[in-house]
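> Got a structure for you, written out below as structure tokens; questions coming shortly.
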Ligand code: AMP
């Protein structure tokens with residue numbers, strides 16, 4: 001019989017992370033640019049205390065373990081308190097992307113059965129509009145103080161966050177429970193159909209926070225000043241609210257203003273050393289810094305991910321500004337970190353051009369993530385840097401099912417030696433892996449578009465076009481864009497007859513008004529005689545993407 005380990009069995013709970021921060025880095029600062037316009041300063045100890053007050057407040061409101069608490073909020077200290085106050089007490093923190101179309105937000109809040117909804121002042125008009133559709137939400141909580149509460153609101157029983165917190169004494173003991181309990185939930189529309197929820201556990205979140213902080217991952221240290229530009233509603237800001245607490249460093253939360261000027265000023269005034277965000281954000285920052293002849297006095301390192309980092313951006317940051325770029329790949333279903341590109345001692349011996357080439361790839365898997373490339377039958381392909389295949393992953397912070405979906409998204413994989421390698425999560429990305437384990441995304445098999453780090457569902461955009469009485473068939477494809485990385489282009493086949501002949505780019509685009517968020521509307525329309533199809537009748541997007549690769553979008 002196997003000999004069992006004789007170590008203490010302490011569950012990996014999110015409350016242990018914030019307790020560690022409060023105990024060991026209690027006076028380290030958390031700085032927030034707030035929606036109210038001020039720059040707010042607090043500490044890890046104060047965040048932990050207020051998270052306890054929040055936990056008491058939620059219990060007083062009648063929320064029970066497992067209940068979901070929705071948030072519509074920017075990166076700020078109240079959002080951070082909510083992360084810990086909800087998960088720490090056994091509630092489930094449900095961060096919602098406020099950039100989605102209102103109907104989608106309502107759908108997501110209802111699907112998750114949110115019992116409470118906490119939101120920043122800037123989202124008050126949005127929530128007033130949505131409230132009648134949110135039948136399961138019992139408590140609407142405005143994340144502000146009494147002075148900023150509206151004199152009146154159509155939201156029934158609207159509550160003030162600061163009032164709720166201040167009414168409690170904070171004498172609360174974080175409960176202990178199974179580490180596999182759900183801690184948070186995040187929806188992704190990076191697949192077809194309705195958005196789906198990835199449910200993280202305390203165990204997966206704590207393990208991910210450890211992994212993300214490692215020196216060859218994000219290398220978070222107590223000496224750093226970390227500013228996550230990536231929103232806290234995007235896969236928990238890539239885990240940074242946890243990793244920063246785990247190492248106990250200063251955290252700077254930028255609020256709603258993510259333009260180049262606002263970010264630069266905050267980087268300088270708070271002496272930020274490390275940041276993380278999607279390429280579009282860095283483009284804005286670099287344009288501002290370049291146009292004004294500025295330099296960074298403290299910024300040393302940044303993680304760029306969510307979309308491929310353009311090689312020119314990598315070079316500018318490294319060569320002109322001395323900022324180390326860590327290109328990373330991951331997804332909502334992976335908490336999100338999968339791979340990061342950092343060089344080891346062997347690669348550092350290579351000529352500089354080859355080093356740069358490796359840094360442009362999506363990088364090596366961190367411990368906790370197994371990856372493979374497989375053919376359409378699920379058979380593993382060689383790691384030769386040339387053979388592209390479907391990228392699959394597995395690990396303790398990778399989902400094995402979606403919230404409320406009984407069917408498994410996993411696929412069976414066979415090793416190169418023909419042996420059964422078990423069940424893996426198919427990422428929908430197509431990649432090649434070289435002999436040293438550097439992975440490079442070469443294509444995407446999922447039918448979506450990623451603009452400025454946000455998904456646009458091709459199906460949604462196509463369905464609207466297909467509802468137009470003069471459109472016979474429509475396909476939407478991603479075309480490269482200098483600012484947004486990708487933008488949608490609509491390819492249209494007119495219906496025969498007068499109505500079809502009268503269709504114009506403007507009339508087609510006008511049809512989207514009020515039917516979809518403005519930023520999801522295609523940038524351009526091209527008319528073709530026919531759309532290529534496979535033998536089974538599926539649109540051949542690959543061929544279309546190839547055909548319109550060089551299409552010049554207005555303003556692109
Ligand atoms: P999300 O779930 O919104 O985080 O999106 C995950 C998807 O974004 C991945 O499956 C990729 O398609 C894409 N993605 C993320 N990071 C990168 C990257 N560094 N390069 C290329 N695509 C990326």
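> Calculate, for residue 472 and residue 64, the FRET efficiency according to 1/(1 + (r/R0)^6) with r their C-beta to C-beta distance and R0 35 Å; round to the nearest 0.05. Please list the in-between numbers first.
Numbers: r = 53 Å, r/R0 = 1.51.
Efficiency at R0 = 35 Å is approximately 0.10.
> How long are the three semi-axes of the equivalent ellipsoid of region 467-535, in whole Å, if each is the root of 5 times an eigenvalue of the C-alpha gyration tensor, listed from largest down? It would help to have the intermediate numbers written out before the result.
Numbers: eigenvalues 91, 52, 19 Å².
Values for region 467-535, descending: 21, 16, 10 Å.
> I'd like to compare 99-111, 43-55: which one has the highest average count of other Cβ atoms within 10 Å, and what's the full order after that? Show your work: numbers first, answer last.
Numbers: 99-111: 18.7, 43-55: 23.2.
By packing density, highest mean first, the sequence is 43-55, 99-111.
> Can I ask one more? In region 216-240, whose amide N lies under 17 Å from the spot 7 Å out along Cα-to-Cβ of residue 367? List them in ranges.
216-220
> May I ask you to order 500-510, 118-128, 294-304, 82-92 by the average number of other C-beta atoms within 10 Å around their residues, highest value first? Don't jump to the answer; show the numbers that get you there.
Values: 500-510: 13.5, 118-128: 20.3, 294-304: 17.7, 82-92: 26.5.
Final packing ranking: 82-92, 118-128, 294-304, 500-510.
> Let me ask something else. Starting from the Cα coordinates of region 111-151, work out the convex hull volume and express it per residue in Å³.
Numbers: hull volume 3.2 nm³, N = 41.
In region 111-151, the Cα convex hull volume per residue is 78 Å³.
> Measure of size requested: the Rg and Dmax of the chain, with Cα atoms as the atom set and Å as the unit; please supply both.
23.9, 81
> Taking 0.36 nm per residue of sequence separation and subtracting the Cα-Cα distance, how much length would be gained by fully extending the chain between residue 41 and residue 533, in nm to one decimal? Numbers along the way, then the final one.
Working: separation 492, 0.36 × 492 = 177.12 nm, distance 5.76 nm.
Once the chain is fully extended between residue 41 and residue 533, it gains 171.4 nm.
> Could you order the peptides 285-293, 146-154, 240-248 from most to least packed, using the average number of other C-beta atoms within 10 Å per residue? List each step's numbers first, then the result.
Details: 285-293: 14.9, 146-154: 11.4, 240-248: 25.8.
In decreasing order of mean packing, 285-293, 146-154, 240-248 become 240-248, 285-293, 146-154.
> Now, a different point. Work out, step by step, the length gained on full extension between residue 420 and residue 154: first 0.36 nm times the residue separation, then minus their alpha carbon distance; give nm to one decimal.
Computed gain between residue 420 and residue 154 is 90.0 nm.
> Computed over the Cα atoms of region 407-534, what is the convex hull's projected area averaged over all directions, in nm²? Provide the component values of the computation, followed by the final result.
On the way: hull surface 45.8 nm².
Projected area, direction-averaged: 11.5 nm².
> Rank the residues 179, 353, 36 as a footprinting-exposure proxy: fewest other Cβ atoms within 10 Å of their Cβ go first.
Numbers: 179 20, 353 7, 36 16.
So the ranking, lowest neighbour count to highest, is 353, 36, 179.
> Would you mind pulling out the separation of the Cα centroids of region 345-386 and region 78-139, in Å?
39 Å
> Summing -39500 (n - 2.57) over the DSSP H runs of n ≥ 4 in the chain and dividing by its residue number, what mean residue ellipticity at 222 nm do you reach, to the nearest 500 deg cm²/dmol?
Working: 17 runs with 152 residues, N = 556.
Dividing the helical sum by the residues of the chain leaves -7500 deg cm²/dmol.
> I would also like to ask the following. Arrange 27, 447 by Cβ neighbour counts within 10 Å, fewest through most, would you?
27, 447
> Sticking with this structure for a sec: Between region 464-534 and region 7-61, how far is it from one alpha carbon centroid to the other, in angstrom?
First find each Cα centre; the distance between them is then 48 Å.
All of the numbers you see were taken from the coordinates with simple rules; none came from a lab. These numbers come from a predicted model, not from an experiment. As a convention, Cβ positions derive from the backbone with ideal geometry for all residues, glycine included, and neighbour counts pool all protein chains shown.
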